[in-house]
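For reference, the structure discussed in these notes is given below.
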Amino acid sequence: MKRSFWTLTAAALVGAGCAGEPETMPEAAAPAEDAVPAEAAAPAPRITTAVPVTAAEDQAALLAHDDPELAANKRLAYDFFRIVLRGQQLDRAAEFMAEDYIQHNPNADTGLAGFLAYFEEFGGGPQQVPEELPGLVAIQAEGDLVTLSFVREYPEPGAPEETYTTTWFDMFRIVDGVIVEHWDPATK
């Protein structure tokens, strides 16, 4: 039976590390009196090569789908986000949401009343409804689920004057033309 190069290499490395008596480490030298304890030194910010998230250029194309029902579900989620969330037209929420809407965001109560109470806390009142959603990356639809993905920007840990981008999502379950359930990655 042939073994791959990687299997043999891994076996050799594991065997070499486990064979024989463990090596003893030399005793550590006493730290200099003016040395900063390792636990007190702040680690340097981690630099990554992750590609920044960018918004889609053609949102109309994101709404298209060969299946008319999935296209309608995409449009419903998109318009809900534009009108109710970004335009803060809370008085129109019932056009898009079921009364017994299920909420999975741990910061808001379930039900249409819970949704309204949560967003009314932010105040500000109705705003102009945007034609498009700033930062929208993608819209996916499958079955009764629609997911909108967005660019999110956060302060860089260890370098708060800098920022990095990542993706946020909102996923909706749509039944009979209304949103009945919602998920997002929010934490308390």
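Laboratory data are not the source of any read-out in this text; all were calculated from the coordinates shown. All values derive from a computational prediction rather than experimental measurement. Every residue, glycine among them, receives a Cβ derived from its backbone with ideal geometry; neighbour counts consider all protein chains shown.
If we count every other residue with Cβ under 14 angstrom of residue 186's Cβ, Lys/Arg +1 and Asp/Glu -1, where does the sum land? Please list the in-between numbers first.
Values: positive: 152, 188; negative: 109, 170, 184.
With Lys, Arg at +1 and Asp, Glu at -1, the neighbours total -1.
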Practice prompt. Would you mind ranking 165, 187 so that the residue whose beta carbon has the fewest other beta carbons within 10 Å leads the list?
Written response: 187, 165
Response to the item:
Per-residue Cβ contact counts at 10 Å, fewest first, order 188, 74 as 188, 74
Practice prompt. Treat the count of other C-beta atoms within 10 Å as a stand-in for reagent exposure and order 97, 171 from fewest to most.
Written response: 171, 97
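With +1 on the Cβ of every Lys and Arg and -1 on the Cβ of every Asp and Glu, and nothing else charged, how large is the dipole of the range 56-97 about its Cα centre, in debye rounded to the nearest 20?
In total the dipole reaches around 220 debye.
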Practice prompt. Collect residues whose amide H, placed 1.01 Å from N in the peptide plane, falls under 5 Å from the amide H of residue 56; neighbours closer than 5 in sequence don't count.
Written response: 136, 137
